[in-house]
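What follows is a set of notes on a single structure, which appears directly below.
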Amino acid sequence: MQAENDADDVRRVLGGDAARYEVLVRRYQETMFRHAYGMVGDPDAAADLVQDSLVKAYTRLGTCDPDRFAAWLFRILRNRCKDYLKSRRRRDVPLLDDGPHAAPPSDDPGRTLDRTELGKVVSDALSRIPEPQREAFLLKHVEGRSYEEMADMLDAGISALKMRVMRAREALQEMLRDRV
């Protein structure tokens, strides 16, 4: 079970095996990046937010319940994303547009262009739905989380999360109806 592995790894780090933190980083880094990127829409900012969250988690690991490490780590990232979105200083423009949303290479340039354009349309639509709905939608449909996991991570009720996901789906369908 993942939580048992996390708890054991956290206890080992707290017991002095600092190198063991790398195992936790590897376990969660990719998932954290996908979530941060989905929330902020900028791959460079997402990578920075993940790195910042992992450093903060390491420095505050003593305040974590080892049995709830994943939810605790996610909350740190979630708060970092929220702070970033509130910040007026986020006028950064990435130099390269080759993040995880870029289409894989293809023999058909037209098909590659269609995929890239569709990705931009979907990303734009996601960025326009309210943050709580976007966050729930990403956790459910991109990360494949159960509502129970989401409730633990977001400290929210399951019925409220189901409503957020449903409203996000409805909003996205409405926005994408004429564009896709």
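The values are calculated or read from the model by the stated rules, or taken from the named source; none is laboratory data. If you're wondering where the values come from, they're calculated on a predicted model, not measured in any experiment. All Cβ positions, glycine included, derive from the backbone under ideal geometry; neighbour counts span all protein chains shown. Side chains are part of the model used for accessible areas, which takes the heavy atoms of the whole protein and leaves out ligands, DNA and RNA. Shrake-Rupley method; radii C 1.70, N 1.55, O 1.52, S 1.80 Å.
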Query raised in the report: Accessible area of Ile158, 1.4 Å probe, to the nearest 10 Å²?
Result: 60 Å²
Report summary line: Order by accessible surface, 1.4 Å probe, largest leading, for residues Phe33, Phe74 comes to Phe33, Phe74
Query raised in the report: How far is it, in nm, from the label point at Ser87 to the one at Glu174 when both lie 7 Å from their Cα along the line to the Cβ?
Result: 3.2 nm
Report summary line: Ordering Val165, Val23 by the accessible surface of their heavy atoms, 1.4 Å probe, largest first, yields Val23, Val165
Query raised in the report: Ranked highest first by the average count of other Cβ atoms within 10 Å around their residues, in what order do 51-58, 130-137 fall?
Result: 130-137, 51-58
Query raised in the report: In what order, largest first, do Arg34, Arg145 sit by accessible area if the probe radius is 1.4 Å?
Result: Arg34, Arg145
